[in-house]
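The values are calculated or read from the model by the stated rules, or taken from the named source; none is laboratory data. Just so we're clear, the structure is a prediction, and the values are computed from it rather than from any experiment. FYI the Cβ positions are ideal-geometry reconstructions off the backbone, even for glycines, and counts take in every protein chain you see.
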Amino acid sequence: MTAITHIGMTVSNLDAAINWYKEALGFRIIAGPFDMKTEEGDMTRDLQGEEVKHIRNVHMSASNQVGIELFEFVVPETKGETARKPWEPGIFHLCVVAEGGDVHGMAKKIEKTGGKIISKIWPLDEEKAYYLVYCQDPFGNIIEVYSHSTEQIFANR
């Protein structure tokens with residue numbers, strides 16, 4: 001079986017993003033932050049592209065050991081918020097489970113710390129108290145908040 005270890009996300013301000021993901025969602029730093037200037041033929045340039053000369057990144061982990069790797073590109077510079085549309089190819093959101101199933105409370109915390117609530121809170125099951133809401137971090141990334149794990153919500157449907 002394949003397991004998800006982390007998702008890489010680009011942000012415009014790494015230090016602010018680290019603070020936000022710690023405060024709003026409870027992620028903790030497990031490695032970094034790193035400041036890397038690339039050289040021709042090195043791993044970072046091979047993975048990110050020849051035009052990448054300087055990046056900053058950090059590895060953070062959620063309570064279930066699945067992580068996020070946040071990137072700030074210095075050269076070329078990361079500018080603005082994420083502009084991708086959900087129907088365009090690629091990953092368009094990160095989903096987290098609200099502590100104690102409190103979707104409303106987590107959405108309010110996201111909003112209080114500089115993020116946005118961008119949808120209503122929606123029920124996922126008529127018989128069980130399963131809910132979701134879409135929010136956005138201060139850097140334009142979509143954060144979906146579930147009341148329960150994916151397995152609990154969608155198993156046996």
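Scanning segment 91-126 for residues that are free of Cβ contacts under 8 Å to residues at least 12 places away in the same chain and either buried (at least 16 other Cβ atoms within 10 Å of the Cβ) or not charged (D, E, K, R) (or both) yields Gly100, Gly105, Trp122, Pro123. Scoring His59 on the criteria (1) part of a loop (DSSP other than H, G, I, E, B); (2) farther than 15 Å from Pro138 by Cα leaves a single failure, condition (1). Among the charged types (D, E, K, R) and exposed (fewer than 12 other Cβ atoms within 10 Å of the Cβ): which single residue out of Glu88, Glu69 fits that description? Result of the check over Glu88, Glu69: Glu88. Of the candidates Ala62, Ala129, the single residue that is of a type in the set (A, V, I, L, M, F, W, C), closer than 20 Å to Glu23 by Cβ, surrounded by fewer than 19 Cβ atoms within 10 Å (Cβ to Cβ) and in contact (Cβ under 8 Å) with a residue 12 or more places away in the chain is Ala62. Can you pull out every residue in segment 1-33 that is of a type in the set (A, V, I, L, M, F, W, C), over 15 Å from the mean Cα position of the chain (by Cα) and at pLDDT below 95? Scanning segment 1-33 gives Met1, Ala3.
Name the pairs whose Cβ atoms lie under 7 Å apart, with the first residue in segment 16-45 and more than 10 Å from Met60 (Cα to Cα), the second in a helix (DSSP H, G or I), and 6 or more positions between them or separate chains? What qualifies is Ala24/Lys109; Ala24/Ile110; Met36/Thr44; Thr38/Thr44; Thr38/Arg45.
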